[in-house]
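Here's the structure, in structure tokens; my notes come after.
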Amino acid sequence: MKSWLNQDLISALDLDADNIMHLTNLALVFKRFENDTAVRGSLKDKLMGSLFYQPSTRTRLGTEQAIRWLGGHVQGFSGIEGTSVEKGECICDTLHMVGNFNCDVIAIRHPLMGSAQLAADYLKIPVVNCGDGSHEHPTQALLDFLTIWEKKVLEQGKNLDGLNVVFAGDLKYGRTVHSNIITLSKFPNINIGLVAADQVALPRQYLRLLKQRGVNVTDFGTDLRAAIKKADVLYDTRVQKEWFDDTKLYEKVARALKITPELVGIGKDSLIIMHPLPRNKKVREIDYSVDDLPQAAYMDQANNGLYMRMAILYSILNPLSARITDEQQTKPQPQSVLVKKPIRGGRRKKRRDERLPDIISGTVLDHIPAGKASEIVYLIKDSTDAKVEYAEGLKGKNGTKDVVKVRGQIDDEKLLTKIALLSGRITYNVIEDGRVVYKANLRPPKMITDVVQCPNPRCVTAPEHDEKILGRKVYNLGKLLQCHYCGHEASRSEFSFI
Ligand code: NCD
């Protein structure tokens, strides 16, 4: 299990099952001994920067109360009114200021997806994501897990194995759902049910994640009745009005699902109903009359927020928590786009196609999938003045291929990464005196910086938001690319070259 000391909490992906259980048990200890003097002084004089750019009640009050309860202090803002953000300040400049105030940790909530990751990359102190746009909300998922553990395992004596957790409402924009899906998928044999209108269905990347982890998923469409019969936990959510452009569509979707005592009555006696809150008083996705039923767990869930945030902040800031580590933190090593290959034979073989004369000195890109050469030539010409020639549809070992020859050296990593992203099969040959002196496969590295732009318009890196970005990073997942900031996954062709 990795130590949490001085670590960021940006995504539920940062947590493994041991971390989740450790934080759950610690939160339960804090809940039981909240008035103990040792607990109340355990983060004495630690300072938390609390940057809430977006409305919040429970998360902000719970997080601020948590550090105060442990002996620490808070400074920051709630809403951008009265701050320089109103004057057009970018996130990094605000963070710079807060960082200079000797904060020990930052709690941030911001409407843009990926903003918490940007903060973590920019600052040396740990950052806790308290909700970044419609991306993630990991502290909420942890307090939700604590509630499930407390109610189902400790109170009802049930097991997580075989538990049926149904998510209903806004699965598209509901960041709490995304983080919950990730945390629950770390435990074996939890079954997930989904209830949502098509317009707010769970994004494909979370479905892919559940499939990869072998989680049993049932899509109930909008059939809440069928879902509730099966559910051990029904996790309902508010339809997130703030992300809808079309008010009529919002109204339709928001009113599609409603939890009433009659509906709860058809569920199991042991069913618990959860909701991250707030619920919308006009829509009342959970009717007020459900509140007094024994199944209603959402108020206890909200109370658990304090204890879980105490556990999170303690783990990040109290040096004693470092004792839980038995795993070294390893940083990923930067990789080169060139993966060296042995050079076979001596003299270069006689060229097979008269259309493309041999070059004495320069670079040859070979095994380009047929039809792709012109795109590559375009990229090369954009970054160098060297003379470029190409031939299409040559005969290769595995069918037809294109070849590009450059009278000059091309060694710019960014250019080579772009070429590698067009196809993983291309080989790179350096020619001197008519001989191949270096040969490599072009393979996009695992982490790609400043080569492509995330296509998600709500990502903090989208040019229209004018944020200062320290490096537009994406992960190469093979067929797909994933944005380092907002987590958006899509095919390479959806990411544009920078
Ligand atoms: C949620 C949020 O902000 O994502 N609320 C919360 O943190 N308790 C859910 C919501 O706003 O609907």
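The values are calculated or read from the model by the stated rules, or taken from the named source; none is laboratory data. If you're wondering where the values come from, they're calculated on a predicted model, not measured in any experiment. No Cβ is skipped: glycine too gets one built from the backbone with ideal geometry, and neighbour counts run over all protein chains shown. Surface accessibility is based on the protein's heavy atoms, side chains included, excluding ligands, DNA and RNA. Shrake-Rupley method; radii C 1.70, N 1.55, O 1.52, S 1.80 Å.
Over all alpha-carbon pairs in the stretch 1-120, figure out the percentage whose distance exceeds 17 Å.
Roughly 63 percent, rounded to a whole number.
Taken per residue, the accessible surface of the stretch 240-310 reaches 50 Å², heavy atoms only and a 1.4 Å probe.
In a DSSP loop and with at most 11 other Cβ atoms within 10 Å, the GluC sites (Glu not before Pro) in the stretch 16-98 are Glu81.
If you wrap the chain in the convex hull of its Cα atoms and look at it from every side, the mean projected area works out to 27.7 nm².
Between the helical axis of 298-317 and the longest alpha-carbon principal axis of the chain there is an angle of about 60 degrees.
Taken along its principal axes, the alpha carbon cloud of the stretch 166-223 reaches lengths of 28, 21, 15 Å, longest axis first. Here the sum of -39500 (n - 2.57) over DSSP H runs of 4 or more residues, divided by the residues of the chain, equals -8500 deg cm²/dmol at 222 nm, to the nearest 500. Only Cα sites of the stretch 59-116 enter the Debye sum here, all with the same form factor; the resulting log10 I(q)/I(0) across q = 0.15, 0.23, 0.24 1/Å is -0.49, -1.11, -1.18, listed in q order. Stokes-Einstein diffusion for the stretch 117-193, with the hydrodynamic radius set to the Kirkwood value over Cα pairs and evaluated at 10 °C in a medium of 1.306 mPa s, equals 115 µm²/s. The reciprocal of the average 1/r between distinct C-alpha atoms defines the Kirkwood hydrodynamic radius, which for the stretch 200-288 equals 14.6 Å.
At 1.4 Å probe size, with the rest of the protein present, what percent of the exposed accessible area of the stretch 117-272 is carbon and sulfur atoms?
Summing carbon and sulfur atoms, their accessible area is 47 percent of the total for the stretch 117-272.
The stretch 483-498 and the stretch 97-170 have Cα centres lying 23 Å from one another. Cysteine residues of the chain whose C-beta has no other cysteine C-beta under 4.7 angstrom: Cys90, Cys92, Cys103, Cys130. The tail of the calculated P(r) for the stretch 391-498, taken as Cα-Cα distances beyond 23 Å, holds 40 percent of the pairs. Rounded to the nearest 10 degrees, what's the angle between the helix 175-184 long axis and the longest principal axis of the chain, both from Cα atoms, 0 to 90? Once rounded, the angle reads 90 degrees.
Based on the mean of other Cβ atoms within 10 Å per residue, sort peptides 215-221, 128-134, 311-317 so the most packed one is first.
128-134, 311-317, 215-221
Helix 58-69 and the longest principal axis of the C-alpha atoms of the chain enclose an angle of approximately 80°.
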